[in-house]
Amino acid sequence: MEFLKSGIKTVLGSTEPGQQPSAAETVEKLVDRVYSSTLLEDRRDACRALKALSRKYRIEVGAQGMPPLVQVLQNDGQDAEIISYALDTLCNIVTSEEFDEEADNPAVSVNVGEQFTEMFIKNPEHVTLVMGYLDEYDFRVRRGAIQLITSLIANKTRELQELVLVSPMGVSKLMDLLTDSREVIRNDVLLLLIELTKGNSNIQKIVAFENAFDRLFDIVREEGCSDGGIVVEDCLILLLNLLKNNSSNQQFFKEGSYIQRLAPMFLLNSSNGSSDADESNWTPQKVSNFHCMLQVVRALVTPSNQQQVVSACQRVMQKSQLLQALCDILMSSGVPADILTETINTVAEVVRGDRENQDELSRVQAPSQPPRPAIVVLLMSMINEKQLLALRCAVLYCFECYLYRNSDGQRAVVQTLLPSSATDVSSLSTGQLLCTGLFSTDTLANWFAAVALMHTLVENVAQKEELLRVLLATPGGQRPITLLEQCTSLMQQERYRLQSKVGLLMLLSVWLAHCPGAVKALLETQGTMAYLTAQLCANEHDEREYLVQGMCAFLMGLCIQFNDNSLANQRREDISQLIIKRIGQETFCNKLSEVSRHEAYSRACKQAQIRAKGASELLLDYEYCKLYKGLEALIAKLVSGFDVDGIELTELTLSSEASALVAQYKGIIRGMDAQIQTLEQSSKQLEQQNAELKEQLSQEQTIRAQLTDQNTLLKAQLAAQPTAAAAATPTTTPTPIATATAEQQTTETANDEQLNAARYQANMYFAENIRLTKELETLRQQLAAEKQRADAAQESLLATQKDQDDLLELLADQEAKLARYESPTNEANDTNGR
Amino acid sequence: MSYAYLFKYIIIGDTGVGKSCLLLQFTDKRFQPVHDLTIGVEFGARMITIDGKQIKLQIWDTAGQEAFRSITRSYYRGAAGALLVYDITRRETFNHLTTWLEDARQHSNSNMVIMLIGNKSDLDSRREVKKEEGEAFAREHGLVFMETSARTAANVEEAFINTAKEIYEKIQEGVFDINNEANGIKIGQQATPTNPALPGAGGAGGAVNSGCC
């Protein structure tokens, strides 16, 4: 202090004794000196004095000193010393840190540093000016500039980030300083970069592009990885800044094989003897470092990241044995509880939704006697009352992530509860542990177990059906009861506390959703519906009671929505009537919406991870909220859509989206109806036509038969005519032959007898002859008649021919006439046309 | 996963010329007709083989909009290669090349390989910039030139690989200081023990190497 006082004296000259100048006056004099002194030494001394005063009299120095200090930065660049004073003074003015010297100064408000920062950066050139001094190799100058910029960024992050981005190669220049061989500079730059990269993805990307990952891993390795000091922690914090919510950098990190560099850092060197007494190895710094390392892993695979990036990173984490290293940490002793907790959370996110990783986790064995699966050991701590809350939450999260999109894993857990599975009694199974938790007297264990069990059912209807088969032995040796019955009866017990009830209600809700079998089973249990109704009618005025009421309403709603109407008196309409008459539709909907109004709901919706500061905060689960969100509106509409007579007003029970869909389908059905009608009509017409055609065909067929008959008849007739004609001619010829033979016979026989005989014969022949001539005559007549007939036919032919000729003649005549008429008509037309 | 060399690329050029589509076609072998505007910079990577050596390409796809120009500039210095892209159906994107080139030359290291890309060659009916003009511009400024189509994938592979070849040759010639990672080149575990950048290692060592490969 003496030195300072004498220093000020030399600068200001001795003052009159007894009259101490005020701080403001002193600063004014010093400022004046910085402005007006022509000698560099004088300005330097004044700056040194200002720096000394700036801690105790920050407001005075800040209010007056800024312009001259900037002037120094502009003009005295060649003198490192004065520049370093100016930079340090400015740094003191703008820092948000409170100095011991000013602790008793009431004028210094909390945000005085921030106000001075604002004044300083009002002119962006000031920042550029300071940035320029980063190029100065002199230790004091470079460090002063780094610290000043760090303070400025800490106070006005957004503005400074913009200014740095705009200044040419600003970020690159800062990155170069990381390679400064002077550790102090390098470490200060780390702090600067941590501030600079906060929440600005553009800067984060440039920093990563400038090989930040390589640099940081190099520094971490040089400093001894997790065993290193605070610099390691700084590096990891910067790494975390670069990766959080920055998919481009996450991808770069993965593609650049940096996960492979991260993995070995998690190997605990338990090989060096005393592995059990490891606890002493875990210094507070190592705990911090390790915590940051785990955070870095989580930043890559947290569920809110891009799915594509998460899966890619999960694959690499398995291949690079990072997952295995994490599992080893889980199973090793002596790891501090908070590290263990965070490791469990990290393992959870590394395996979430990735089958191979989930399988690897399921294969991990704990080094216990007898060896048990790690998952069983974890669940044991989850239902253990004595464990830390954060650890129990982490285990539940890990279990949830293990089951997430893992139907085989879900089945395996449910299987351990089924009687058929012949697991040996001595070993504990996951299912047994969950049941123990469910029926324990520890409220939290109830809640954890219920939620864990719930996750074996999420999006897995098969397991919902399977779980219905689970039977529990009763102590009295009576008939075994189902797990569902046990759950409903537990829910109705007074000693079962609210948090436990919330857990059970979530389990039952997920169980019932999309599973009519479970709805039926619930409706068959004694008194459950009565209990739910009573809950909804109750008029409790406790916020947490409201939540339970809302959840009961949701459960009732599910009983309507997924009811297959297979139980008489418990059909959809019946339950709706119960609601209408006993609770009231509006009250029901009001109570239903209590769930989403509760603060636990918005808390649980935020992320899959279970976070709770106190045990009482554990109420709703992420997956339950998802289910509720999807079905709340539907149930509300369904219930308010039933009218007093129990008629379902379907239009109202559907969401607008669904009713639009229904309308669309109705339109389609209407169209199809019309189509069917026209098709039916046309088919009828076609049938009719078909019948007509058949009739016609048969008619035609008979006609055809007749015609063929006629045809054959005519053919026969036609054949008969010429034979008849032919038969007529040969009968005439034998007559002369006969007469000739008769004459021959008369000449040959001379005697009378012979003559008589001959006469007799002659008479006979004569008679015969007459008969034949007669016959000939008739045949001739017939022939003549035939000829006549032919003549007549020819005549008629001729007549028709003549007629035709006449008609042709007539036609020709008519045509001639027509032609005659036409020509005048044409002429007339022509004249008309003209 | 191991590689002999790692090259950092940047893709630059006016907004809407198809920079992101080129990257997507190269890394994912697919085309997205409707692509959002790139905000700031996006990252992509792929492994290629040149001269029997595995080379990892890390590519930063920049935003073409003027508003992001100061951000884009930060990437020039650390890149070993740049694809300067214009759209053959929009004359103005070709006209802006000079500005882009000046910017790149000013902020990058002098050895950066720049490849000129005329993209959208599938839209020949709407062409406004002749292939010869692109060739002439490239010749004048000492760039490699190629017309590509991110839609049909024509020449996309070649554009990235030819740039890598050029860088690789420069390494063999000892032009690049490969020990300075600020140049956008990193040696991997696979690299040959002889360092081509070291003086004297070129002649005999190179001959032996080529003999055994």
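The values are calculated or read from the model by the stated rules, or taken from the named source; none is laboratory data. Nothing here was measured: the structure is a model prediction, and the numbers come from that model. When we count neighbours, we look across all protein chains shown, and the Cβ atoms used for this are built from the backbone with ideal geometry, even at glycine.
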Practice task
Please find, within segment A:740-796, the residue that is modelled with the lowest pLDDT out of those that are surrounded by fewer than 13 Cβ atoms within 10 Å (Cβ to Cβ) and not in a helix (DSSP H, G or I).
Solution key: A:ALA750
Practice task
Return only the number of the condition from (1) without any contact (Cβ under 8 Å) to a residue 60 or more places away in the chain; (2) surrounded by 17 or more Cβ atoms within 10 Å (Cβ to Cβ); (3) over 20 Å from A:GLY431 (Cα atoms) that A:GLN499 does not satisfy.
Solution key: (1)
Practice task
Please give the helices (runs of 4 or more DSSP H) falling wholly within segment A:483-550 in which 1 or more residues are among the hydroxyl-bearing types (Ser, Thr, Tyr).
Solution key: A:483-491, A:498-512, A:528-537
Handout entry: Where a residue in segment B:118-129 is at positive phi and its partner, wherever it lies, is in a loop (DSSP other than H, G, I, E, B) and hydrophobic (A, V, I, L, M, F, W, C), with Cβ under 7 Å and at least six apart
Key = B:LYS120/B:ILE88
Handout entry: Answer from B:LYS170, B:LYS186 - the residue that is charged (D, E, K, R) and over 21 Å from A:ASN211 (Cα atoms)
Key = B:LYS170
Exercise for the section: State whether one or more residues within segment B:148-169 are basic (Lys, Arg), more than 14 Å from chain A (Cβ to nearest Cβ), crowded, with 20+ Cβ neighbours inside 10 Å and in contact (Cβ under 8 Å) with a residue 40 or more places away in the chain. Expected result: no
Practice task
Name, by its number, the condition in (1) touching a residue at least 40 places away in the same chain (Cβ under 8 Å); (2) within 14 Å of chain A (Cβ to nearest Cβ) that does not hold for B:GLN106.
Solution key: (1)
Fill in the blank from the handout: Of the residues in segment A:74-98, those that are closer than 15 Å to A:MET119 by Cβ and either crowded, with 19+ Cβ neighbours inside 10 Å or not assigned by the TED database to the domain that holds A:GLU114 (or both) come to A:THR89, A:LEU90, A:CYS91, A:ASN92, A:ILE93, A:VAL94, A:THR95
Completion exercise
Exception for A:ARG355 within (1) surrounded by fewer than 15 Cβ atoms within 10 Å (Cβ to Cβ); (2) over 22 Å from A:THR302 (Cβ atoms); (3) among the basic types (Lys, Arg) falls at (2)
Practice task
Confirm whether A:LEU634 is assigned to a loop (DSSP other than H, G, I, E, B) and surrounded by fewer than 19 Cβ atoms within 10 Å (Cβ to Cβ).
Solution key: no
Practice task
Give the residues of segment A:216-255 that are touching an Asp or Glu at 6+ places or on another chain (Cβ under 8 Å) and either within 12 Å of chain B (Cβ to nearest Cβ) or without any contact (Cβ under 8 Å) to a residue 40 or more places away in the chain (or both), sorted by residue number.
Solution key: A:SER248
Fill in the blank from the handout: Of (1) out of contact with any Asp or Glu (no Cβ under 9 Å at 6 or more places or on another chain); (2) over 18 Å from A:GLY170 (Cα atoms); (3) of a type outside the set (Lys, Arg); (4) crowded, with 19+ Cβ neighbours inside 10 Å, A:ASN105 fails just (4)
Fill in the blank from the handout: In segment A:550-564, residues that are aliphatic (A, V, I, L, M) and either under 27 Å from the mean Cα position of the chain (by Cα) or at positive phi (or both) total 4
Exercise for the section: Confirm whether B:HIS96 is without any contact (Cβ under 8 Å) to a residue 24 or more places away in the chain and more than 14 Å from chain A (Cβ to nearest Cβ). Expected result: no
Practice task
Report, by residue number, each residue of segment B:27-38 that is within 14 Å of another protein chain (Cβ to nearest Cβ), within 15 Å of B:PHE160 (Cβ to Cβ) and not hydroxyl-bearing (Ser, Thr, Tyr).
Solution key: B:ASP28
Handout entry: B:GLY134 being away from chain A (no Cβ under 14 Å) and not aliphatic (A, V, I, L, M)
Key = yes
Completion exercise
Scanning segment A:167-215 for residues that are hydroxyl-bearing (Ser, Thr, Tyr) and assigned to a helix (DSSP H, G or I), the one farthest from the other protein chains (Cβ to nearest Cβ) turns out to be A:THR179
Practice task
State whether one or more residues within segment B:39-56 are surrounded by fewer than 23 Cβ atoms within 10 Å (Cβ to Cβ), in contact with a Pro (Cβ under 9 Å, 6 or more places away or on another chain), within 14 Å of chain A (Cβ to nearest Cβ) and in contact (Cβ under 8 Å) with a residue 24 or more places away in the chain.
Solution key: no
Fill in the blank from the handout: When segment B:9-26 is checked residue by residue, the ones that are surrounded by fewer than 24 Cβ atoms within 10 Å (Cβ to Cβ) and either on the phi > 0 side of the Ramachandran plot or within 10 Å of another protein chain (Cβ to nearest Cβ) (or both) are B:GLY16
Fill in the blank from the handout: Residue set A:GLN71, A:GLN78, A:GLN147, A:GLN161; condition out of contact with any Gly (no Cβ under 6 Å at 6 or more places or on another chain), touching a residue at least 60 places away in the same chain (Cβ under 8 Å) and not hydrophobic (A, V, I, L, M, F, W, C); output residue A:GLN147
Practice task
Could you tell me which of the residues B:ILE50, B:ILE55 is in contact with a strand residue (DSSP E or B) (Cβ under 7 Å, 6 or more places away or on another chain) and over 16 Å from B:GLU135 (Cα atoms)?
Solution key: B:ILE55
